[in-house]
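Inspection log for the structure reproduced underneath, given as structure tokens.
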Amino acid sequence: MSGNIKIGFEVFPPKAGTSVTFESGVAALASAGDYVSVTYGASGSGRERSEIALDVLSKNGLAGQIAAHLTAAGQSREDIDALARHWKSIGVKRVVALRGDAPAESDDEYACAAHLTEGLTRIGGFDISVACYPETHPKSTSEAAELDHLKRKFDAGAARAISQFFFEPDLFLRFRDRCAAAGIDKPIVPGLLPVASLDSLHRFAGGCGASVPDWIDTRFGGLEDDPDAFHALSIATTVSIAERLIAEGVDHIHLYTLNRVGDALTISRALGRIGELPAPAPAQPLKTEEAA
């Protein structure tokens, strides 16, 4: 497998904002991939944790490898812009611009991710990623409307779109084709989610409109009482999906790690990105109160 594949890892900060385990885990991921994205609450609820985490990671020399999620819902444009400028001042160069779950409640908020992207572009100095939905966003009225909104995010200054997770490679590849047919020529990055448990997977899927194919339930359903076999199958399945995508010309993978650093490093190594593991290797998963 080519070592030229770009890999990004997504993590969430612990409730305390940071911890030694979290910091060492992010450092290990940063050394293995191209960036580590740090999530943010859907309506600004996780702002304090994200700020603490990013400030600490910056002091540890990792700001340049961090992609900071920024969710506009529930916060004023002034607050969002101030936070973005703060991140820029500490060396954060990458931002994942998201609208969030809640609708705009006032004229003082960014109404959508495209408007947030415009605001970040005005501030300048950021490499901006946005989200895309191969199965369409749950609130989209049609595939055409979904693509139109994605185009507006690119027109506003986004460099790439990271997809919602999926398990059928053809589903993503068809979406990529629809984007190309609509005149979108920016990178569409597949987001892959290793299966941590069937319960959590179906919960995540239900919240974002992603489908879980029957073969996932069939393969994993008999292994709930065998954690080692379940874990090995999860890694193998993710690697297999990634390999199929790479064979179809994909050169960038985004892993939703659920803070399971060891699994993410194993997948990255299987795709040719790691010569040797950083030492010392962090515990896996990260011991946060929210780890799935």
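The lone criterion from (1) modelled with pLDDT of 85 or more; (2) surrounded by 15 or more Cβ atoms within 10 Å (Cβ to Cβ) left unmet by ASN60 is number (2).
Of all residues in the stretch 26-73, those satisfying the criterion of being over 24 Å from GLY100 (Cα atoms) and either among the charged types (D, E, K, R) or in contact with a Lys or Arg (Cβ under 9 Å, 6 or more places away or on another chain) (or both) are ALA32, GLY33, ASP34, LYS59, GLY64. Counting the residues of the stretch 6-17 that are surrounded by fewer than 20 Cβ atoms within 10 Å (Cβ to Cβ) and at pLDDT 85 or above gives 1. Taking the listed residues GLU146, GLU168, the one that is surrounded by 20 or more Cβ atoms within 10 Å (Cβ to Cβ) and of a type in the set (Asp, Glu) is GLU146, with no other qualifying. Restricted to the stretch 65-96, and to residues there that are in a loop (DSSP other than H, G, I, E, B) and farther than 26 Å from SER24 by Cβ, the residue that is modelled with the highest pLDDT is SER76. Restricting to the stretch 18-31, name every residue that is within 20 Å of ARG269 (Cα to Cα) and either among the polar types (S, T, N, Q) or surrounded by fewer than 23 Cβ atoms within 10 Å (Cβ to Cβ) (or both). Listed by number, the residues that qualify are SER24, ALA27, ALA30, SER31. Selection within the stretch 216-259: residues that are more than 23 Å from the chain's Cα centre (by Cα) and assigned to a loop (DSSP other than H, G, I, E, B). The member of this set that is surrounded by the fewest Cβ atoms within 10 Å (Cβ to Cβ) is ASP225.
Restricting attention to the stretch 97-132, the residues being touching a strand residue (DSSP E or B) at 6+ places or on another chain (Cβ under 6 Å), modelled with pLDDT of 95 or more and in a loop (DSSP other than H, G, I, E, B) number 1.
Residues in the stretch 160-180 that are in contact (Cβ under 8 Å) with a residue 40 or more places away in the chain and assigned to a strand (DSSP E or B): ARG160, ILE162, SER163, GLN164, PHE165. A single member of GLY183, GLY157 is under 24 Å from LEU70 (Cβ atoms) and either not in a helix (DSSP H, G or I) or not aliphatic (A, V, I, L, M) (or both), and it is GLY157.
Restricting attention to the stretch 195-214, the residues that are surrounded by fewer than 14 Cβ atoms within 10 Å (Cβ to Cβ), part of a helix (DSSP H, G or I) and in contact (Cβ under 8 Å) with a residue 12 or more places away in the chain total 1.
Would you please name the residue that is nearest to GLN164 (Cα to Cα), looking only at residues in the stretch 215-243 that are among the aliphatic types (A, V, I, L, M) and without any contact (Cβ under 8 Å) to a residue 12 or more places away in the chain? Before the answer, list the steps.
Step one: filter the stretch 215-243 for residues among the aliphatic types (A, V, I, L, M), giving 216, 223, 229, 232-233, 235-236, 239, 241-242.
From the residues that got through so far, the ones that are without any contact (Cβ under 8 Å) to a residue 12 or more places away in the chain too are 223, 229, 232, 236.
Numbers: LEU223: 26, ALA229: 26, ALA232: 23, ALA236: 20 Å.
So, considering only residues that are among the aliphatic types (A, V, I, L, M) and without any contact (Cβ under 8 Å) to a residue 12 or more places away in the chain, the one nearest to GLN164 (Cα to Cα) is ALA236.
Within the stretch 63-93, being closer than 19 Å to VAL11 by Cα and exposed (fewer than 15 other Cβ atoms within 10 Å of the Cβ) holds for one residue alone: GLY64.
The values are calculated or read from the model by the stated rules, or taken from the named source; none is laboratory data. Keep in mind that what you see is a predicted model, and the values were worked out from it rather than measured. No Cβ is skipped: glycine too gets one built from the backbone with ideal geometry, and neighbour counts run over all protein chains shown.
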